[in-house]
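Scroll down for the structure; my scribbles are underneath it.
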Amino acid sequence: MKEIEIPAEKLPVVEEADLCVIGGSCTGVFAAIRAARLGAKVVLIEKQNRFGGVATSGLVCMWHSLFDITGEKQIIGGLTFEALERLEKRNAVSPFRDGHGYRHIAFNSEELTLELDAMVTESKRIRTFFHTIFSRPILDGDGKITGVIAENKSGRFVIAARMFIDASGDGLLCRAAGVPMTAPAHPQPPTACAHIENFRNMKDLNLKELIEKNRSLIPDLPCGYYWGCDIPGSEHIYLFAGTRIMNCNCMDANEITNAEFESRRQLRALMDLFRKSYPEASVSLQALPSAIGIRESWHITSIGRLTGKEMLAGTRYPDTIANGTYPVDIHGNEDDSITFKHLTGERKTFRSNRLVKEDRWLPEGQILPFYRIPLRCLIPPGNRNLIAAGRMLDADAEAFGAVRVMVNLNQCGEAAGVTAWLALQNQIPPAEVDSAKVRELLNQGGSLLEL
Ligand SMILES: Cc1cc2nc3c(=O)[nH]c(=O)nc-3n(C[C@H](O)[C@H](O)[C@H](O)COP(=O)(O)OP(=O)(O)OC[C@H]3O[C@@H](n4cnc5c(N)ncnc54)[C@H](O)[C@@H]3O)c2cc1C
């Protein structure tokens, strides 16, 4: 490949902060808010025009229950709860205040965008850069990050800070700062969602059968699997998640470009099929995501990997910073299968929306009310002034299949923000922060960790 040498350049340092957070999903926003509420001066860099990541730009408008699976005990509070309370005032969220009768919390992604704006701007210590892409870190001789280079339409510039949180999903800052990374052997496939009007008018829709009936017209449409939900506040708009890009390396720019094309091609084929098969339903495509939803790319190597074996044994880690109940949910990378390992002890595999295998992974009568996530899997090794929060956390395939959902990662973001604050206060690397103090501060801010 041809190469061009770029001459050295001087860049302006436009902000000097205590903490710089890369990526403004709820993970990054909650990290920034937690640190700012404790007193840190924070810069938040987001490449889109809004906060929320997959929950807004990706249209994925579903969080999961804040209660353990018995429904008796609330296990998730903090900023997730605060955001839901705010959405409730706008009639933009389904019930979330009790633990019985539902496991899903649907919300309006556009309203979440507005609430995240309010939550961040209410905190006077956070400076946001939208439309700004983190490009690379500036490292000193010891591998510590002294600043990051970012770019936007004003040009290329530096944010200097003493501590950094990588909430970019892909772990871009970690990778560029030399943190060892691993690519999963079978990454979960990316999906572009859509908002479809009058989807529910297709009353007897069986997508798999519909696709097979029309196979000659759409020979290369892979998916029969879909899920979705009604959007609170709307009577007609449905979130449809029914595309799947197999074998995609989401860290490769060409592959992710092709995945955007391919997912939209799948959506158009599906829309044509719906219109042809249900002409009376008046289905209409109302919105596409501004970025395809990435379930999994690379993971950091941390000071302590989270394993499914330990987590699903109900381990009480001394550095627990999050609680979760979402089942192990692994989307096949070769076909449209999906396997759930529920905390009730049931294990079910579906192919093309049909149950093909069912057994138990826990003895009859035994359940796991909830699992815990430790701080260690967010902390890169060494003396780095860096914490990773989000789906790049260090987890094996089984643990990742469960912890990857937003109510879990939101809590990881909060923990990263608190850990960053304590590391700054004590002038120590995040790896040396006292996790008991992290947990104490998290609970003071509304988290519901067992102390
Ligand atoms: C189709 C699909 C359906 C899902 N369904 C659910 C569900 O129903 N419920 C659930 O809870 N979870 C669901 N998940 C999982 C969940 O959405 C993700 O695991 C989670 O959003 C990941 O959060 P994150 O903060 O790590 O990354 P993201 O949400 O991807 O956020 C990363 C942020 O970083 C920004 N960013 C990236 N690179 C840069 C850069 N260079 N400079 C500046 N900013 C940058 C991005 O714009 C983005 O805002 C789903 C995922 C997918 C893809």
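Would you confirm whether any residue within the range 281-288 is touching a residue at least 24 places away in the same chain (Cβ under 8 Å), within 15 Å of the ligand (Cβ to nearest atom) and in a loop (DSSP other than H, G, I, E, B)? Steps first, answer last, please.
Step one: of the range 281-288, the residues touching a residue at least 24 places away in the same chain (Cβ under 8 Å) are 281-288.
Restricting the remaining residues to those that are within 15 Å of the ligand (Cβ to nearest atom) gives 287-288.
After this cut, where a residue has to be in a loop (DSSP other than H, G, I, E, B) as well, the list is 288.
Looking for residues that are touching a residue at least 24 places away in the same chain (Cβ under 8 Å), within 15 Å of the ligand (Cβ to nearest atom) and in a loop (DSSP other than H, G, I, E, B), one finds at least one in the range 281-288, hence yes.
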(message) Quick check on my filter: what residues within the range 231-260 are on the phi > 0 side of the Ramachandran plot and out of contact with any Pro (no Cβ under 9 Å at 6 or more places or on another chain)?
(response) 233
(message) Restricting to the range 86-138, count the residues that are free of Cβ contacts under 8 Å to residues at least 24 places away in the same chain and either crowded, with 19+ Cβ neighbours inside 10 Å or polar (S, T, N, Q) (or both).
(response) 2
(message) Can you find a residue that is more than 16 Å from the ligand (Cβ to nearest atom), assigned to a loop (DSSP other than H, G, I, E, B) and farther than 29 Å from residue 39 by Cα anywhere in the range 370-391?
(response) no
(request) Mind listing just one residue for me: the one in the range 50-72 that is more than 10 Å from the ligand (Cβ to nearest atom) and not in a strand (DSSP E or B) and, of those, surrounded by the fewest Cβ atoms within 10 Å (Cβ to Cβ)? (result) 72
(request) State whether one or more residues within the range 339-354 are modelled with pLDDT under 95 and under 21 Å from the mean Cα position of the chain (by Cα). (result) yes
(request) Go through 243, 257 for me and flag whichever is modelled with pLDDT under 95 and not assigned by TED's automatic domain parsing to the domain that holds residue 105. (result) 243
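Would you mind stating whether residue 411 is surrounded by fewer than 24 Cβ atoms within 10 Å (Cβ to Cβ), modelled with pLDDT of 95 or more and either over 11 Å from the mean Cα position of the chain (by Cα) or within 16 Å of the ligand (Cβ to nearest atom) (or both)? Walk me through how you get there before you give the answer.
On the way: surrounded by fewer than 24 Cβ atoms within 10 Å (Cβ to Cβ): no; modelled with pLDDT of 95 or more: yes; either over 11 Å from the mean Cα position of the chain (by Cα) or within 16 Å of the ligand (Cβ to nearest atom) (or both): yes.
It is false that residue 411 is surrounded by fewer than 24 Cβ atoms within 10 Å (Cβ to Cβ), modelled with pLDDT of 95 or more and either over 11 Å from the mean Cα position of the chain (by Cα) or within 16 Å of the ligand (Cβ to nearest atom) (or both).
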(message) I'm trying to understand the selection: among the residues of the range 190-217, which are under 32 Å from the mean Cα position of the chain (by Cα) and under 16 Å from residue 265 (Cα atoms)?
(response) 190, 191, 192, 193, 194, 195, 196, 211
(request) Give the residue, chosen from 75, 4, that is at pLDDT 95 or above and either within 15 Å of the ligand (Cβ to nearest atom) or assigned by TED's automatic domain parsing to the domain that holds residue 420 (or both). (result) 75
(request) Provide a single number: the residues in the range 143-195 that are under 27 Å from residue 332 (Cα atoms) and among the aliphatic types (A, V, I, L, M). (result) 7
(message) So the check is Cβ under 7 Å with 6+ separation or different chains; which pairs have a first residue in the range 338-360 that's on the phi > 0 side of the Ramachandran plot and a second one that's among the small types (Gly, Ala, Ser) and open to solvent by less than 30 Å² (accessible area, probe 1.4 Å)?
(response) 352/224; 353/224
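The values are calculated or read from the model by the stated rules, or taken from the named source; none is laboratory data. On a predicted model such as this, the values are computed, not experimentally measured, just so you know. Here Cβ is always computed from backbone atoms with ideal geometry, including for glycine, and neighbour counts include all displayed protein chains. Side chains are part of the model used for accessible areas, which takes the heavy atoms of the whole protein and leaves out ligands, DNA and RNA. Shrake-Rupley method; radii C 1.70, N 1.55, O 1.52, S 1.80 Å.
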